[in-house]
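Asks: The structure that follows is given in the form of structure tokens.
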Amino acid sequence: MQAYHDYGLWFIIIFGVVTIPFLLFIAAPYGRHMRQGWGPDMSARLGWIIMEAPSPLGFAYVWYTYGGLDAGVAGWALCLLWQVHYIYRSFIYPFRLRGAGKRSAVLTVVMAIIFNLVNGPINAYAIASLASHLTDPWLTDPRFILGLVIFGVGFAINHQSDAILRNLRKPGESGYKIPHGGLFKWVTSPNYFGEIVEWTGFAIAACTPAAAAFAFFTAANLIPRARSHHHWYLDKFPDYPTSRRSVIPGIL
Ligand SMILES: NC(=O)c1ccc[n+]([C@@H]2O[C@H](COP(=O)([O-])OP(=O)(O)OC[C@H]3O[C@@H](n4cnc5c(N)ncnc54)[C@H](OP(=O)(O)O)[C@@H]3O)[C@@H](O)[C@H]2O)c1
């Protein structure tokens with residue numbers, strides 16, 4: 001498992017580095033950017049379940065197998081945050097999606113499965129087996145407390161923004177409208193902003209290379225996609241608010 005962790009860490013970092021230029025020019029084929037020419041497609045809802053599920057399941061397996069059961073309170077708290085996020089994303093979020101009959105490219109789903117088969121397990125292993133600092137004194141360390149607060153803020157922003165997007169459609173609808181409310185006042189993709197904040201907070205609270213690599217990858221993946229969303233809105237809606245940035249309020 002040590003080798004899987006070490007190679008996996010490099011895989012996440014290199015994947016993130018390669019992702020930035022790639023996604024700046026080519027939007028990943030799912031959601032509004034779904035299009036022909038990327039091979040077979042599949043139900044978007046099923047795609048979400050099978051691409052995200054390896055993360056909580058892989059995390060749980062490695063947690064159980066490599067010492068997680070003996071972790072202290074700080075380790076268990078991080079395990080809980082991971083599982084709350086990913087159990088929701090894998091098994092609840094897909095059933096709340098609106099957008100009748102939406103499809104995703106199988107290629108996108110396969111790449112996400114591979115990513116999650118690495119990311120979940122190496123993060124579990126890092127916390128359960130490698131992080132000797134995650135003992136009781138860590139509970140009062142400013143990095144742990146600040147990280148948890150940042151994670152909570154990001155989680156709230158992500159969920160609020162996803163709820164605003166979900167409620168733009170009535171059941172059975174699949175079109176697009178201009179979202180308003182919450183952080184949409186400042187950015188096009190506050191759900192992505194929340195996700196980036198969330199995993200940055202997790203990385204600060206965990207202080208493991210695996211968590212830092214995942215926070216980096218999340219930003220590398222979602223900042224270019226938010227730019228694609230932003231340009232898409234500007235093309236489709238002549239009255240789209242030009243004061244909005246793509247993803248980071250006031251900055252980007
Ligand atoms: N950690 C990571 O690297 C990572 C990667 C990807 C996603 N995520 C998270 O997963 C969640 C979903 O991601 P996503 O890429 O699908 O987000 P998204 O493009 O913002 O779409 C979210 C949902 O809202 C719908 N929607 C978006 N804009 C809309 C509009 N203007 N009018 C009506 N409906 C609209 C989408 O429908 P359509 O699908 O029909 O467009 C989709 O069902 C987010 O919380 C994101 O942060 C995380």
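Asks: Out of the stretch 53-107, which residues are basic (Lys, Arg) and in contact with a Leu (Cβ under 9 Å, 6 or more places away or on another chain)?
Replies: Scanning the stretch 53-107 gives a single hit, Arg98.
Asks: Shifting gears a bit: Limited to the stretch 179-229, what total is found for residues that are over 30 Å from Tyr4 (Cα atoms), assigned to a helix (DSSP H, G or I) and more than 11 Å from the ligand (Cβ to nearest atom)?
Replies: Looking only at that region, the number is 4.
Asks: Follow-up. Quick one: would you say Tyr93 is touching a Phe, Trp or Tyr at 6+ places or on another chain (Cβ under 9 Å) and over 23 Å from Thr218 (Cβ atoms)?
Replies: Details: touching a Phe, Trp or Tyr at 6+ places or on another chain (Cβ under 9 Å): yes; over 23 Å from Thr218 (Cβ atoms): no.
The answer is no for Tyr93.
Asks: Can you find a residue that is over 21 Å from Trp38 (Cα atoms), in contact with a helix residue (DSSP H, G or I) (Cβ under 9 Å, 6 or more places away or on another chain) and not in a helix (DSSP H, G or I) anywhere in the stretch 72-85?
Replies: yes
Asks: I've got another one for you. Going by the structure shown, is Ala105 touching a strand residue (DSSP E or B) at 6+ places or on another chain (Cβ under 9 Å), crowded, with 21+ Cβ neighbours inside 10 Å and not polar (S, T, N, Q)?
Replies: On the way: touching a strand residue (DSSP E or B) at 6+ places or on another chain (Cβ under 9 Å): yes; crowded, with 21+ Cβ neighbours inside 10 Å: yes; not polar (S, T, N, Q): yes.
So Ala105 passes the test.
Asks: To continue, here is another question. Given the criteria closer than 20 Å to Phe95 by Cα, surrounded by fewer than 18 Cβ atoms within 10 Å (Cβ to Cβ) and not hydrophobic (A, V, I, L, M, F, W, C), does Lys177 qualify?
Replies: Against the criterion (closer than 20 Å to Phe95 by Cα, surrounded by fewer than 18 Cβ atoms within 10 Å (Cβ to Cβ) and not hydrophobic (A, V, I, L, M, F, W, C)), Lys177 does not qualify.
Rundown of residues vs (1) surrounded by 20 or more Cβ atoms within 10 Å (Cβ to Cβ); (2) within 18 Å of the chain's Cα centre (by Cα); (3) within 28 Å of Ala206 (Cβ to Cβ), yes/no style:
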position: Tyr7; (1), (2), (3): no, no, yes
position: Arg45; (1), (2), (3): no, yes, no
position: Glu52; (1), (2), (3): yes, yes, yes
position: Tyr88; (1), (2), (3): no, yes, yes
position: Tyr93; (1), (2), (3): no, yes, yes
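Asks: Return yes or no: is Ser161 polar (S, T, N, Q), within 9 Å of the ligand (Cβ to nearest atom) and either within 25 Å of Trp138 (Cβ to Cβ) or at pLDDT 95 or above (or both)? Can you show your working first?
Replies: Working: polar (S, T, N, Q): yes; within 9 Å of the ligand (Cβ to nearest atom): yes; either within 25 Å of Trp138 (Cβ to Cβ) or at pLDDT 95 or above (or both): yes.
Spelling it out, Ser161 is indeed polar (S, T, N, Q), within 9 Å of the ligand (Cβ to nearest atom) and either within 25 Å of Trp138 (Cβ to Cβ) or at pLDDT 95 or above (or both).
Asks: Continuing with the same structure: Any residue in the stretch 132-149 that is touching a Gly at 6+ places or on another chain (Cβ under 6 Å) and within 16 Å of the ligand (Cβ to nearest atom)?
Replies: Within the stretch 132-149, not a single residue is touching a Gly at 6+ places or on another chain (Cβ under 6 Å) and within 16 Å of the ligand (Cβ to nearest atom).
The values are calculated or read from the model by the stated rules, or taken from the named source; none is laboratory data. Predicted, not measured: the structure shown is a model, and the values here were computed from it. Backbone-built Cβ (ideal geometry, glycine too); neighbour counts: all protein chains shown.
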